[in-house]
1. Quick one: D79 ticks every box in (1) in a helix (DSSP H, G or I); (2) more than 29 Å from P388 (Cβ to Cβ) except a single one, so which number is it?
2. Test G411 against the criterion of being closer than 22 Å to S447 by Cα, in contact with a helix residue (DSSP H, G or I) (Cβ under 9 Å, 6 or more places away or on another chain) and touching a residue at least 40 places away in the same chain (Cβ under 8 Å), and give yes or no.
3. Of all residues in region 253-274 being open to solvent by less than 10 Å² (accessible area, probe 1.4 Å) and among the hydroxyl-bearing types (S, T, Y), which is nearest to the chain's Cα centre (by Cα)?
4. Just to be sure I understand the filter: pairs with C-beta atoms under 9 Å, separated by 6 or more residues or on different chains, first member in region 51-76 and in contact (Cβ under 8 Å) with a residue 60 or more places away in the chain, second member part of a helix (DSSP H, G or I) and open to solvent by 20 Å² or more (accessible area, probe 1.4 Å). Which pairs pass?
5. Considering only region 336-434, give the helices (runs of 4 or more DSSP H) lying wholly within it that have at least 1 residues that are at pLDDT 95 or above and in contact with a Gly (Cβ under 9 Å, 6 or more places away or on another chain).
6. Run down R336, R355 and say which single residue is among the basic types (K, R) and closer than 25 Å to V248 by Cα.
7. Write out, first by first residue and then by second, each pair whose Cβ atoms fall under 9 Å of each other, whose residues are 6+ apart or on separate chains, and whose first residue, in region 187-211, is closer than 30 Å to P339 by Cβ while the second is part of a loop (DSSP other than H, G, I, E, B) and open to solvent by less than 10 Å² (accessible area, probe 1.4 Å).
8. Would you please name the residue that is modelled with the lowest pLDDT, looking only at residues in region 125-147 that are buried (at least 21 other Cβ atoms within 10 Å of the Cβ) and closer than 19 Å to I397 by Cα?
Amino acid sequence: MVLFGASGDLTSRLLLPAVAQLAEDDLLPPGLTIVGSDIADWSTDEFREHIAGKLQEHAPVSPATRDRVVSMLSFQTADVTRPEDVGRVIGDDHHDTLVYLALPPSLLTKALPALAATTLGPPDAVAIEKPFGTDLASAHHLNEILRIQLPEPTIFRIDHFLSDELVRRVVILRFLNRVFEPILNAVHVDRVDISWLESLTLEGRASYYDGAGALKDMVQSHLMEAMALVLMERPARVDADSFWAVRVEALRTVATPSPDGMRSDTIRARYTAGTIGARQVPAYVDEPGVDPSRETETYASLTLGPHSPRWDGVPFTLRSGKALETDSAEIAIHFRPLPRYLTDRFPGVEPNVLRIGLMEPYVRVTTTLNGPEQTAENRELEVRSTPPRFTAYAHLIEEMLKGDPRLFIRGDEAEEAWRIIDPVMTAWAAGDVPMREYPAGTAPPSS
């Protein structure tokens, strides 16, 4: 395994702790070695010392496992945009190599041609971290580079949401039960809300987040994929091609907001100074590393309309934000109200809601039960699934090392997600949708 971008936060906070999780359960292939590479002028000993400290902080594994993972590591300084450097790191005498590009999109267009000049072939694989491009045109360009210059290695386009056990539970809930699937359609469903709301602020990620914002960071990738899992039809088979096909087709049915609907169907906002718990939080524009002139949003809401036979007319709202009053992440499927003659007879009866937790392992159903004196009461029934055993990245790495592409994004799927978002980004950049504000530690803006 070769990690380009090895000195970055992704490698030390997520990737190598995920490797340690797999090592703890003896799920790594025998003889695995990991070569870290970056522009940083580190020795192998310095890299190992750096990672050892990060594993102690981020990987809840035994000291023996940490030592074993650290012993797998070596380091080579290299410029990932130079073919001679990339070729030296990968080497000619390699087999079954997974090359992980933990790089920003700005480097990919130069890194991929450098990678194409190496001897990577069919037994090898290349993993590309999200975001895959910065808009539709750049995603299409990256796909063309991969198609023409790297046709032989397996390509893993990563969106770790798809490998998260809580997100994948949507598929289990839909297709391994007779209860829910028959009523998930426009006849019964009024609207669907998919939210990822955090009380966290930037937490040292200003260099990335200020160039992305809530729309690109969460909505375009993660929440779009969660929406596809709700929209998609049952796959014909339990294999990668079948799952890819239904997810892509689901996204193809989604219409982007019209120019006239941008103000009503989208919201962008950023937090001002406030209090979250006992913590005083400065305004986003005053956070270290933030450039106020970028007009970066910290809250994004987008309402979309799918036009499939199953879902036509049902609005899907995707929302993500930072520095909010509470943490909340779920898919909420709101069912249509009961007929008027029933709600008049039983006042206060609310429509049913199916809630699927994305941070916590719950499934909740708001339902109506009989109350005293021939009345009705609303109650929430909750079940909790088995807590996730591994992190999303542990699942990703395990599947990549086994060569299983089911949990990854196909090229046309990445382009479809950008196709939906591109007009929104254009309208926001033009100022067609005004920037709203909310004090840190409060509820997000509403429409």
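The values are calculated or read from the model by the stated rules, or taken from the named source; none is laboratory data. Treat the numbers as computed from the prediction; the structure is a model and nothing was measured. Don't worry about glycine lacking a Cβ; one is built from the backbone with ideal geometry, like all the others, and counts go over all protein chains shown. We work out accessible area using only protein heavy atoms, side chains counted, and drop any ligands, DNA or RNA first. Shrake-Rupley method; radii C 1.70, N 1.55, O 1.52, S 1.80 Å.
1. Failing condition for D79: (1).
2. So G411 does not fit the description; no.
3. Taking the candidates together, the pick is T266.
4. Pairs found: F75/T44; F75/D45; F75/E46; F75/R48.
5. Because the criterion is at least 1 residues that are at pLDDT 95 or above and in contact with a Gly (Cβ under 9 Å, 6 or more places away or on another chain), the helices (runs of 4 or more DSSP H) in region 336-434 that meet it are 411-429.
6. Being among the basic types (K, R) and closer than 25 Å to V248 by Cα holds for just one of R336, R355, which is R355.
7. The qualifying pairs are V189/W311; V189/V314; D190/V314; R191/V314; V192/W311; V192/V314; I194/L358; S195/L358.
8. Filtering region 125-147 for residues that are buried (at least 21 other Cβ atoms within 10 Å of the Cβ) and closer than 19 Å to I397 by Cα, the one modelled with the lowest pLDDT comes out as P131.
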